[in-house]
Amino acid sequence: MTGLVVIGASYAGVQAALAARDAGYSQPITIVCDEDWLPYQRPPLSKDFLLGRISEQNLILRDETFFESKQINLVLGHRATAIDLRARRVTLPGDNALRFEKLVIGTGSRARRIAVPGADLDGICYLRSVTDAIDLKVRLADAAEIVIVGGGFIGLEVAASAAKLGKKVTVVEASKRLLERAVSPMVSTFLLDTHLQAGVNVLLNEAVTSFKGDDRTVASVVLGNGASVRADLVLVGIGGIANDELASSAGLKCTNGIVVDEHGQSETSGIFAAGDCANHFNRFCESWIRLESVQNAQDQAKAAGLAIAGARGPYESVPRFWSDQYDVKLQIVGLAGQYDRHAVRGSIDDGRFSVFYYRQGRLVAVDSVNRPGEQMAARRLIAGGVSPTPEEAADPSFDLKSLVTAGDKAGA
Amino acid sequence: MAQVRFVQHDGSEKCVEVQRDVSVMLAAVRSGIRGIDGECGGCLDCATCHVYVDEGQASSVPPPSEEELELLSAVSGERKPNSRLSCQLKVLAPLKELVVRVPARQS
């Protein structure tokens, strides 16, 4: 078979295939995926799915009818084992192979494993796939005391879900604040207070040194200070690692992910990568970056799909993220990084505010807590390169949307 | 089962069968309707499923929440009185077909 082969059927893989097809790519398209599930939604796995608010069936994002109508061949349950760039061939188990003209690698990322004594005890879980989520949900139902290792997005969302289910929850975070890589200290403090108010025990600046078990099942988590916390279930959320081994073994340049250009193309012509497994130069962040988000996966894959079909539509979106914990809607646009100035709009005490971050006078990121309207305006401001002054941003009577319109016109 | 008719900016149309408990956004994504991304899966975070409900049918769907209105306040597609986020729309009985238009651009 020739045409387009896509490895991975999550957001990036499916979107690349769809974008190529919709842009007029007429060759055969085959998506091969190691999971047995039809493409499904991942964000609800740590939230509504654990809470029983969305069924497995309604997690499904694309079904057989979709693939038939787009004439995309979907091969589930087959893990690609090698890529031969010269022969333009993907090897599958059992001496099977797929030949391709163009290739998209959308292999995603995997959970970083914790390497301490006792880490292989039963009851120590990770959350990435729907299979992980089903397992976690079943275990959560029987658990009373849960320890979350890592105060990042997944850890905090699972902590919130477990607290809502009435469990005793402890979050152990190695750094001095929650969500350190994603938000500023102000937002970290707000989230800390929110979790504490919900009855979650949060331990900062604490490393996990080992897990102790009873009969091979985890029973407690031992901390760096020698103390231990009882646990009948542990969820480890300490970051992700790009699944780029297939690409690097094939000889593609990988540096914390497969290195790609603004069309998602690797250094080898016709070989693309998108989503969690790819590393691109983001002009809004002014740096090379590997992002783990639905927006990044979809937008980058769209650019790749267009390029495959011979159309043009480079990937140049402002990164955005969101997280729902309790009744807190956290939305993030841009990456604050080393900001030199900030302005707070709204009231942190009331739990409704946005923080505007500046670098050298330019608005680079905005975190919003329960301020979706401001976040929407901020997205367009940053994308359009329009910066309200910090004084304007902090002034609730200043209409941010008036600048949005001006920015759109300037950009048109 | 009910139906949703998606009308693109260029006038092209596609009808999709939808179960009454499935949102218009999810039905669109499952059918690969162009211009509806639905990144967040319907938890009112992304606003990438903006549509215009047919003027004659606006009263056949439940009104938007405060949160939905806030998100709609700065969408990149033109904001109209019948603007909605399709993740919040379901085709409620007795309506058999809902007609929505997809804006020229999504955020």
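Any read-out appearing in this document is the output of simple, stated calculations on the displayed coordinates, not a laboratory observation. A quick note: this is a predicted structure, and the numbers were derived from the prediction, not measured. A quick note on method: Cβ atoms are made from the backbone with ideal geometry, for glycine too, and the neighbour counts reach across all protein chains shown.
Taking the Cα centre of region A:327-411 as the origin, how large is its charge dipole in debye, to the nearest 20, when only Lys and Arg (+1) and Asp and Glu (-1) carry charge on their Cβ atoms?
Computed charge dipole of region A:327-411: roughly 340 debye.
Show me, bin by bin at 20 Å from 0, the whole-percent P(r) of the protein assembly as shown based on Cα pairs.
Distribution as computed: 22, 56, 22, 0 percent.
Using a Gaussian network for chain A with springs between C-alpha atoms less than 10 Å apart, which of these wobbles most: A:ALA141, A:ALA273, A:ALA383?
With Cα springs under 10 Å in chain A, the top fluctuation among A:ALA141, A:ALA273, A:ALA383 is at A:ALA141.
Can you give the FRET efficiency for A:ASP214 and A:LYS164, using 1/(1 + (r/R0)^6), R0 = 30 Å, r = Cβ-Cβ distance, to the nearest 0.05?
Rounded to the nearest 0.05, the efficiency is 0.65.
Give me the one-decimal nm value for the distance between modelled label points at A:ASP36 and B:ARG5, 7 Å along each residue's Cα-to-Cβ direction.
Taking the two extended label points, one gets 4.2 nm.
Averaged over peptide A:372-380, how many Cβ atoms belonging to another chain are found within 10 Å of each residue's Cβ?
Per-residue shielding by partner chains comes out at 6.
Could you work out how far apart the two model spin labels at A:SER248 and B:CYS43 are, taking each label as a point 7 Å from the Cα in the direction of the beta carbon, and quote it in nm?
So the label points at A:SER248 and B:CYS43 sit 3.1 nm apart.
Could you work out the longest stretch of chain B that avoids the trypsin sites (Lys or Arg not before Pro) located in DSSP loops with at most 15 other Cβ atoms within 10 Å?
B:21-78
Under unit Cβ charges (Lys, Arg +1; Asp, Glu -1), what dipole magnitude, rounded to 20 debye, does region A:113-236 have relative to its Cα centre?
220 debye
I'd like the projected area of chain B, averaged over all directions, using the convex hull of its alpha carbons. Report it in nm² with one decimal.
Mean projected area for chain B: 5.8 nm², to one decimal.
HN-Hα J couplings of region A:249-261 from phi, Karplus 6.51/-1.76/1.60, θ = phi - 60°, integer Hz, Gly and Pro as x?
Values per residue, Gly and Pro as x: 5, 7, x, 7, 5, 10, 9, 6, x, 6, 6, 10, 8 Hz.
Are there GluC sites (Glu not before Pro) in region B:1-101 that DSSP puts in a loop and that have at most 12 other Cβ atoms within 10 Å, and which ones?
Taking region B:1-101 and a limit of 12 other Cβ atoms within 10 Å, the loop GluC sites (Glu not before Pro) found are B:GLU78.
Select from region A:108-145 those trypsin sites (Lys or Arg not before Pro) which occupy a DSSP coil region and have at most 15 other Cβ atoms within 10 Å, ordered by residue number.
In loop regions of region A:108-145 (DSSP not H, G, I, E or B), the sparsely surrounded trypsin sites (Lys or Arg not before Pro) are A:ARG112, A:ARG113.
Out of region A:284-375, which trypsin sites (Lys or Arg not before Pro) are coil in DSSP terms and have no more than 16 other C-beta atoms within 10 Å?
In loop regions of region A:284-375 (DSSP not H, G, I, E or B), the sparsely surrounded trypsin sites (Lys or Arg not before Pro) are A:ARG312.
How shielded is B:44-55 by partner chains, expressed as the average number of their Cβ atoms within 10 Å of its Cβ atoms?
Mean number of neighbouring Cβ atoms from other chains: 3.
Using a cut-off of 18 Å between alpha-carbon atoms, which lysines can reach A:LYS302, once sequence neighbours fewer than 8 places away in the same chain are excluded?
Partners found: A:LYS70, A:LYS102.
List the lysines whose Cα lies under 27 Å from the Cα of A:LYS401, skipping any in the same chain that are fewer than 8 positions away.
A:LYS329, A:LYS409, B:LYS80
What cysteines in chain B have no other cysteine with a beta carbon less than 4.7 Å from their beta carbon?
When partners are defined as cysteine Cβ atoms under 4.7 Å apart, chain B leaves B:CYS15, B:CYS43, B:CYS49, B:CYS87 without one.
Count the lysine pairs in region A:113-236 whose Cα atoms sit under 22 Å apart, keeping only pairs 8 or more residues apart in sequence or on different chains.
The result is 5.
Averaged across the residues of A:52-62, what count of C-beta atoms belonging to other chains lies within 10 Å of each residue's C-beta?
2
Please state the charge dipole magnitude for the protein assembly as shown, taken about the Cα centre, from unit charges on C-beta atoms (+1 on K and R, -1 on D and E), reported in debye and rounded to the nearest 20.
680 debye
Can you give me the distance in nm between label points at A:ASP193 and A:ASP135, each placed 7 Å from the Cα along the Cα-to-Cβ direction?
Each label point lies 7 Å from its Cα, and together they span 3.8 nm.
Choose one answer from A:GLY361, A:GLY384, A:GLY226: the residue with the largest mean-square fluctuation in a GNM of chain A with alpha-carbon springs under 10 Å.
Maximum among the listed residues: A:GLY226.
Answer with one residue from B:CYS15, B:LEU26, B:SER73: the one whose Cα lies farthest towards the positive end of the charge dipole of region B:2-101, charges on Cβ with Lys, Arg +1 and Asp, Glu -1.
B:CYS15
Could you please state, rounded to a whole Å, how far the C-alpha centre of region A:186-226 is from the C-alpha centre of region A:57-109?
A separation of 40 Å, based on Cα centres.
Between A:ASP327 and A:ALA87, what is the FRET efficiency for a Förster distance of 60 Å, r being their Cβ-Cβ separation, to the nearest 0.05?
0.65
Within chain A, what's the longest run with no GluC sites (Glu not before Pro) in a DSSP loop and at most 15 other beta-carbon atoms within 10 Å? Give the range, please.
A:102-266
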